[in-house]
Every structure is written in structure tokens, then in C-alpha cells.
Amino acid sequence: MSVDSGTAVPSATEASGIPVVAQRKPRLALFIATACGLGYIPVAPGTWGSLVGVIIWALILFYLPLNLFPGVRETNQIRIFWLAWTGLPVAAILGIVGVWASDRAAKFARLKDPQFVVIDEVSGQHLALLLGAALPISSGAANPHVEWLGNGGVSLKYLLLGFILFRVFDIWKPFPARQAESLPGGWGIMADDWVAGIYAAIGLWLARAAGF
């Protein structure tokens with residue numbers, strides 16, 4: 001993967017010598033695609049993008065905790081309600097905006113998947129925590145080992161585990177993550193991180209189920 005600063009203007013001619021019309025810099029798309037510029041950090045930009053995904057998840061729990069809803073300590077139905085009306089809409093917004101922004105940024109940089117584009121890590125990390133930490137373990141009373149979601153706080157051990165698992169799967173890219181990279185445009189940039197996020201979510205959910 002080539003490294004790009006994200007600030008260079010595309011060359012005036014193609015390799016064939018045919019003149020190319022200069023592109024207007026897509027500032028908003030680059031701002032989103034680089035997670036407010038963090039993607040330009042030369043060392044481990046994907047890790048910084050993942051940290052933004054963790055922060056978004058933590059902020060959602062801080063401002064919209066599950067204990068806002070009565071009965072959260074008696075039933076996991078509130079978790080499903082929270083997922084449907086809070087977690088999933090945010091995940092959808094990150095995914096849709098991410099496809100658009102990463103596609104625009106990649107076309108501007110004339111690269112398939114520029115290293116400075118990290119909105120895919122933001123979206124994938126958020127998905128990992130959303131599915132891995134918010135999905136109920138059972139349909140009965142909440143397990144005390146996983147009730148951290150309902151008390152309005154954030155368990156650092158689950159945030160750390162979800163972060164580590166996502167980074168491992170994002171780098172490893174197990175099937176079909178690597179194959180998803182062949183999808184066109186922004187879809188190819190985002191989809192492999194969604195797959196990594198799902199794998200990380202499964203690992204995190206199993207850790208919760210085991211009472212970790």
C-alpha cells in the first residue's frame with residue numbers, strides 16, 4: 001500500500017502523456033476519510049483510526065447509556081432496543097459516509113486504498129464493539145459479568161479486548177476480508193474492515209459469554 005500525504009495535487013498528465021484536468025481538492029471527504037487528519041500521522045495511521053472508533057463508541061455510551069431505560073438490569077430486551085435505535089443507526093451512518101468519503105479520497109489520490117484513509121478502521125472498530133459488547137448473551141436476566149453496558153459506564157477491559165481483536169483481524173484479513181478489497185471504490189476500502197469487525201465482535205462476544 002502506498003503512503004500518501006493526502007495534500008498533493010494529481011499530476012497534470014497521465015503516463016500516456018494525455019493531459020488530465022486538475023481536480024478540486026475534496027476537503028470534506030478528506031477530512032472524514034482521514035478521521036479529522038489522524039490518517040496523515042506517518043506511524044500506524046490505522047491504529048489511530050481504530051482509536052477514534054473506540055472513542056465514538058464510548059461517547060455514545062456516555063451520552064446514551066442503557067440505564068436511561070427502565071428494567072435494564074432485569075432483561076436484555078433493552079439491549080436490543082438500544083441496538084436498534086442507537087448503536088445500529090450510528091454504525092450505518094459511519095458506513096455510508098465512509099464509503100462516500102473513502103471513494104472520493106482514493107480517486108483524488110489516484111490510489112486503490114490510500115494509507116491515509118482510516119475511516120474504514122473507524123467504522124470497523126465501532127462495528128466490533130457494537131456487535132461484540134452490546135448483543136445480549138441470553139434472553140433472560142443480564143449476566144453480571146456483562147452488565148457494564150447498563151450502568152452508564154465503560155469497561156476498559158472490554159474496550160481494550162475489542163480494540164486488540166479488531167487490530168489483529170484487520171492486519172490478518174481472514175476470509176473473506178482480503179477478497180472484499182477487490183470491490184470497487186469505497187466499498188473495497190470499507191468492506192474488509194467490516195469483515196474484520198465482525199470477526200472481532202465474535203471473539204469479544206465469546207469472551208463475555210465465558211465470563212471474562
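The values are calculated or read from the model by the stated rules, or taken from the named source; none is laboratory data. As the structure is a prediction and not an experimental result, all values here were calculated from the model. Here the Cβ is made from the backbone with ideal geometry for all residues, glycine too, and neighbour counts use every protein chain on show.
Does V3 satisfy the criteria of being exposed (fewer than 15 other Cβ atoms within 10 Å of the Cβ) and modelled with pLDDT of 50 or more? No; evaluated as a whole, the condition is false for this residue. Considering segment 183-212, the residues that are surrounded by fewer than 21 Cβ atoms within 10 Å (Cβ to Cβ) and of a type in the set (V, I, T) include one that is farthest from I171 (Cα to Cα), namely I202. The residues of segment 171-184 that are under 17 Å from the mean Cα position of the chain (by Cα) and assigned to a helix (DSSP H, G or I), listed by number, are I171, W172, A177, R178, A180. Of the helices (runs of 4 or more DSSP H) lying entirely inside segment 76-140, those carrying at least 2 residues that are over 15 Å from W194 (Cβ atoms) and touching a Pro at 6+ places or on another chain (Cβ under 6 Å) are 88-109. Hey, does segment 84-97 have a residue that's among the polar types (S, T, N, Q) and without any contact (Cβ under 8 Å) to a residue 40 or more places away in the chain? Yes. Among the residues of segment 105-115, those identified as surrounded by 21 or more Cβ atoms within 10 Å (Cβ to Cβ) and either closer than 16 Å to A191 by Cα or in contact with a Leu (Cβ under 8 Å, 6 or more places away or on another chain) (or both) are A105, A106, F108, P114.
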